[in-house]
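The values are calculated or read from the model by the stated rules, or taken from the named source; none is laboratory data. Everything numeric here is computed off the predicted structure, so don't read it as measured data. All Cβ positions, even for glycine, are placed from backbone atoms using ideal geometry, and neighbour counts span all protein chains on display.
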Amino acid sequence: MNTENNKTERKSSTRWALVFYDAIITIAVEIVFLLFYGGTKLDTMSLITHGIIVLASIIGCRSAFGIYHTIWRYGGIQNYMKLMVSDALAFLVYLLFGRFIVPIKRIAVVTMLAMVSMILLFSLIIRMTYRYAFKCGNKDTAFGRFLLWLLKTFGRINIARSQDVRRIKVAILGAGNLGNTLYSEINMDDRSPYEVRCFIDSDKEKVGRYINGCRVLDESTLSPEHLIQDYNVQEVFFAVHDYPQDKMRALYEKLNKAGIKVKNYDIPHMTSGGGKPQLKEFEIEDLLFRRQETITNEKTSLYYKGKTVLLTGGGGSIGSELCRQIARMNPKKLIILDIYENSAYDIQQELKMKYGNKLDLSVEIVSIANKKGLARVFETYKPDIVINAAAHKHVPLMEHNCIEAVENNIFGCLNIMELCEEYGVSRFMMVSTDKAVNPTNVMGATKRMCEMIMLAYSTRGKVKCSATRFGNVLGSAGSVIPLFKRQIAAGGPVTITDKRIIRYFMTISEASQLVLESGAMAENGEVFVLDMGNPVKILDLANNMISLMGARNIEIVETGLRPGEKLYEELLVKKEELEKTDNDLIFVDKEVPLTMEELQSKIDILKNAVDTLDDDGVREALRQVVPTFRRPEDVNRERLEK
């Protein structure tokens with residue numbers, strides 16, 4: 001309580017000090033002007049009366065405009081404009097009283113205007129000096145120390161940004177709007193642990209000049225040693241939109257080797273909901289892969305607006321990001337369905353914190369293999385759109401648990417498809433994978449079977465259906481990047497199954513946007529695929545991560561291909577074989593669907609196999625119903641021979 005009272009007293013004291021300084025300035029200017037410009041014409045009473053009117057007009061108008069409630073250490077251009085407007089009004093009040101209302105000897109209007117203008121000028125100077133002293137008073141220079149003394153002595157406050165606080169010296173890469181925003185953020189925060197020493201930029205018009213007292217260095221000739229020796233820089237903050245990835249990586253490596261820490265200041269991607277720029281640690285993914293593409297557009301957002309959307313697997317890596325993006329599109333209602341309550345709870349709390357009552361959100365804990373439980377959810381909410389992102393996806397585990405993979409992935413998808421028809425759902429969208437293309441493992445085969453179910457149901461015309469294929473997702477549960485990070489942090493070894501193996505990668509955001517974009521553009525029965533760029537050799541990925549994390553003497557060990565694993569993933573986008581869409585990154589693979597009779601025959605084969613409780617028998621049944629399902633050793637041998 002005493003602390004709060006002390007803070008209130010200090011604020012009040014500071015405000016009254018400013019009133020006092022303004023009064024001193026006003027009286028001093030009055031004396032000069034009235035004595036030297038009007039003193040020969042005015043008697044003593046008129047001199048005093050003019051002085052009282054000017055002082056009352058200035059202090060009164062500034063009080064009315066809230067000038068003395070402004071925190072001038074953070075004052076921006078709008079505050080100074082406000083001060084000028086208040087003094088313009090004060091001049092009119094002075095003019096009115098000094099020439100028309102109060103019976104005193106008049107002075108020239110030009111003299112009156114010059115007097116008020118001079119008072120305004122000195123008032124602006126004292127406020128700007130105060131603000132500059134507060135921002136720069138901690139600089140280790142003679143002028144900085146003078147400003148610090150000035151602020152402490154006449155500002156009547158105890159400044160927190162004093163020299164006894166050791167701050168991290170930083171350079172900002174990017175002297176544009178984003179870099180200046182970051183500079184202001186750092187300097188306006190009394191408790192900021194950083195002090196900006198210089199800017200770095202490639203713009204020749206800025207290089208060599210100063211921004212807020214900080215020199216702009218030339219990026220092309222940048223030397224980490226120069227930063228350390230001349231500016232004591234300990235960290236560099238990247239504050240540039242769309243910085244070329246090859247340059248970013250080269251600069252990161254150069255700074256990292258010199259012991260300078262690097263951080264990124266940028267607007268978060270969809271995984272964070274977008275919004276205000278944030279300062280964060282560099283992610284390895286930012287340096288290894290292409291910048292994620294923004295796919296969704298206004299048309300896509302309008303498609304989901306006002307709809308009731310049911311998302312199965314909503315707590316998973318892809319599912320939770322789909323939830324975030326759908327929530328931003330103002331749906332009528334969002335239903336998150338998952339078997340794992342912890343992940344569903346996490347995304348529920350995240351969305352509640354972000355949207356509160358603005359988002360109508362429900363969470364249902366049900367397995368998609370439980371048709372009765374699913375039917376209860378459909379009966380309760382009557383969804384317009386159903387997105388099926390629920391699936392067992394871990395390749396080696398599904399090789400060992402073949403029955404569970406079929407029951408969850410295939411029969412679960414069938415349950416959802418049947419209920420969509422029964423409850424009049426307008427659109428069904430399925431999340432698929434590149435492993436469904438010529439599958440060599442149980443997981444891929446089950447996802448291929450799900451695509452076949454979707455295609456067969458698309459011929460019935462009751463529900464518009466589509467599927468979306470994409471490759472390995474960065475940062476998802478079980479992905480290789482987190483595994484390598486842990487292994488490198490532990491000192492190695494880094495394990496890879498085979499040094500020849502290659503994979504395609506994309507971000508969670510891209511994958512989720514693709515599902516929503518393709519679902520909105522689907523007519524019926526399409527399998528959408530994304531142009532995922534160039535493949536990545538896993539051995540190169542491991543070496544690059546070791547280098548970027550600054551580790552040394554980390555061994556890379558081959559463990560051998562896992563059951564069902566391919567050496568080379570299939571190229572998803574064979575442009576000569578696919579149809580284009582309005583989005584250059586999205587293509588359509590048009591396939592001939594099964595008849596419902598053919599589909600039912602395949603389902604019966606799988607059900608009979610599952611009833612035997614024999615994993616090997618179920619695997620062989622999968623080979624029977626998915627013609628493209630082949631043994632991985634055969635596929636790998638053929639690819640190596642080619």
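Can Asn415 be described as farther than 21 Å from Pro627 by Cα, surrounded by fewer than 23 Cβ atoms within 10 Å (Cβ to Cβ) and either at pLDDT 95 or above or aromatic (Phe, Trp, Tyr) (or both)?
Judged against the criteria, Asn415 is a match.
Select from the range 517-572 the residues that are small (Gly, Ala, Ser), buried (at least 17 other Cβ atoms within 10 Å of the Cβ) and in a loop (DSSP other than H, G, I, E, B) and list them in ascending order.
Ala522, Gly525, Gly564
What are the residue pairs meeting all of these: first residue in the range 390-416, first residue outside any helix (DSSP H, G or I), second residue surrounded by fewer than 19 Cβ atoms within 10 Å (Cβ to Cβ) and of a type outside the set (Lys, Arg), Cβ atoms under 7 Å, and 6 or more apart or on different chains?
His392/Glu404; His394/Gly478
Look through Thr49, Thr44, Thr26 and report the one residue that is of a type in the set (Val, Ile, Thr), more than 59 Å from the chain's Cα centre (by Cα) and modelled with pLDDT of 80 or more.
Thr49
Which residue is nearest to Met452 (Cα to Cα), if the candidates are limited to the range 516-539 and must be touching a helix residue (DSSP H, G or I) at 6+ places or on another chain (Cβ under 9 Å) and at pLDDT below 85?
That would be Val529.
Looking at the range 572-599, which of its residues are farther than 20 Å from Gly444 by Cα and at pLDDT 85 or above?
Hits for the range 572-599 are Thr595, Met596, Glu597, Glu598.
For Thr433, which of the numbered conditions (1) closer than 21 Å to Ser512 by Cβ; (2) modelled with pLDDT of 95 or more; (3) in contact with a strand residue (DSSP E or B) (Cβ under 7 Å, 6 or more places away or on another chain) fails to hold?
Condition (2) is where Thr433 drops out.
For the range 340-365, how many residues meet the condition of being assigned to a helix (DSSP H, G or I), among the charged types (D, E, K, R) and touching a residue at least 12 places away in the same chain (Cβ under 8 Å)?
4
Would you call Gly550 over 28 Å from Met449 (Cβ atoms), among the small types (Gly, Ala, Ser) and at pLDDT below 85?
yes
Taking only pairs six or more apart or across chains, which ones have beta-carbon atoms under 9 Å, a first residue in the range 535-557 that is in the same structural domain as Val262 (by TED's automatic domain parsing), and a second residue that is among the β-branched types (Val, Ile, Thr)?
Cβ pairs passing all conditions: none.
Can you work out which of the residues in the range 287-326 that are acidic (Asp, Glu) and surrounded by fewer than 20 Cβ atoms within 10 Å (Cβ to Cβ) is modelled with the lowest pLDDT?
Checking each candidate, the answer is Glu293.
Just wondering, is there one or more residues in the range 122-141 that are touching a Leu at 6+ places or on another chain (Cβ under 9 Å), at pLDDT 80 or above, more than 23 Å from Ile31 (Cα to Cα) and of a type in the set (D, E, K, R)?
No.
Are any of the residues in the range 66-76 among the hydroxyl-bearing types (Ser, Thr, Tyr) and modelled with pLDDT of 85 or more?
No, there is no match, as no residue in the range 66-76 is among the hydroxyl-bearing types (Ser, Thr, Tyr) and modelled with pLDDT of 85 or more.
When the residues of the range 624-642 are narrowed to those that are assigned to a helix (DSSP H, G or I) and buried (at least 16 other Cβ atoms within 10 Å of the Cβ), which ends up modelled with the lowest pLDDT?
Only one residue tops the list, namely Val635.
If Leu455 satisfies every condition in (1) touching a Gly at 6+ places or on another chain (Cβ under 7 Å); (2) modelled with pLDDT under 85; (3) outside any strand (DSSP E or B); (4) not polar (S, T, N, Q) but one, which is the exception?
Evaluating Leu455 over (1) touching a Gly at 6+ places or on another chain (Cβ under 7 Å); (2) modelled with pLDDT under 85; (3) outside any strand (DSSP E or B); (4) not polar (S, T, N, Q) leaves (2) as the failure.
Counting only residues that are over 16 Å from Ala239 (Cα atoms), assigned to a helix (DSSP H, G or I) and either modelled with pLDDT under 85 or among the small types (Gly, Ala, Ser) (or both), how many does the range 176-224 have?
Residues meeting the conditions: 2.
Kindly indicate whether Val386 is in contact (Cβ under 8 Å) with a residue 24 or more places away in the chain, in contact with an Asp or Glu (Cβ under 8 Å, 6 or more places away or on another chain) and crowded, with 20+ Cβ neighbours inside 10 Å.
When the stated conditions are applied, Val386 does not pass them.
List the number of the failed condition for Met506; all other conditions in (1) part of a helix (DSSP H, G or I); (2) closer than 25 Å to Val588 by Cα hold.
(1)
Could you list all residues from the range 583-599 that are over 26 Å from Gln624 (Cα atoms) and assigned to a strand (DSSP E or B)?
Ile586, Phe587, Val588
Any residue at all in the range 170-179 that's assigned by TED's automatic domain parsing to the domain that holds Glu281, of a type in the set (A, V, I, L, M, F, W, C), surrounded by 20 or more Cβ atoms within 10 Å (Cβ to Cβ) and over 27 Å from the mean Cα position of the chain (by Cα)?
The answer is no, given that none of the residues of the range 170-179 is assigned by TED's automatic domain parsing to the domain that holds Glu281, of a type in the set (A, V, I, L, M, F, W, C), surrounded by 20 or more Cβ atoms within 10 Å (Cβ to Cβ) and over 27 Å from the mean Cα position of the chain (by Cα).
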